[in-house]
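Trainee: Below: one structure in structure tokens.
The values are calculated or read from the model by the stated rules, or taken from the named source; none is laboratory data. All figures in this text were calculated on a predicted structure; none of them were measured in a lab. FYI the Cβ positions are ideal-geometry reconstructions off the backbone, even for glycines, and counts take in every protein chain you see.
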Amino acid sequence: MFYDIVDARYIKDYKIELTFENGKKGIVDFRGYINKGGFFSRFSDIEYFKQFYINKELGVLCWHDEVDIAPETLYSEATGEPLPVWMTQEEQKEGTVKARLMV
């Protein structure tokens, strides 16, 4: 899919460079996610944060306990392009999709 993540490279601190299926790249600073609480509070441990991987089947960035962030949100943050119009108004206002636990 257009927003699928195909590569992710740790840069430094809470920054990860993401490459998307359409070839676009960008760096996302995840530091702001820590203050969102919930699953994201785990990011305060930088060693935990560095243990991300790409779920190739779904094209999403995940962490070892399978917490992931919607690739559409990361695409918007990495490229500066607006969130897709099909996302809810609340998600567009917040600029994020709540983390979901994959089952």
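Trainee: Could you please find all residues in segment 30-49 being loosely packed, with under 14 Cβ neighbours inside 10 Å and under 13 Å from the mean Cα position of the chain (by Cα)?
Mentor: Scanning segment 30-49 gives a single hit, 31.
Trainee: Moving to a separate point now. Have a look at 27, 16, 5, 34 and point out the one that is farther than 18 Å from residue 71 by Cβ and either among the β-branched types (Val, Ile, Thr) or touching a His at 6+ places or on another chain (Cβ under 7 Å) (or both).
Mentor: 34
Trainee: Only one residue in 42, 31 is among the basic types (Lys, Arg) and farther than 19 Å from residue 79 by Cα, so which one is that?
Mentor: Working: 31 fails: farther than 19 Å from residue 79 by Cα.
42 is the lone residue from the list that is among the basic types (Lys, Arg) and farther than 19 Å from residue 79 by Cα.
Trainee: Restricting attention to segment 76-96, report how many residues are within 23 Å of residue 9 (Cα to Cα), touching a helix residue (DSSP H, G or I) at 6+ places or on another chain (Cβ under 6 Å) and modelled with pLDDT of 75 or more.
Mentor: 1
Trainee: Report, by residue number, each residue of segment 1-16 that is free of Cβ contacts under 8 Å to residues at least 40 places away in the same chain and in a strand (DSSP E or B).
Mentor: Residues satisfying the conditions are 9, 11, 12, 15.
Trainee: What number of residues within segment 43-75 are at pLDDT below 90 and in a helix (DSSP H, G or I)?
Mentor: 0
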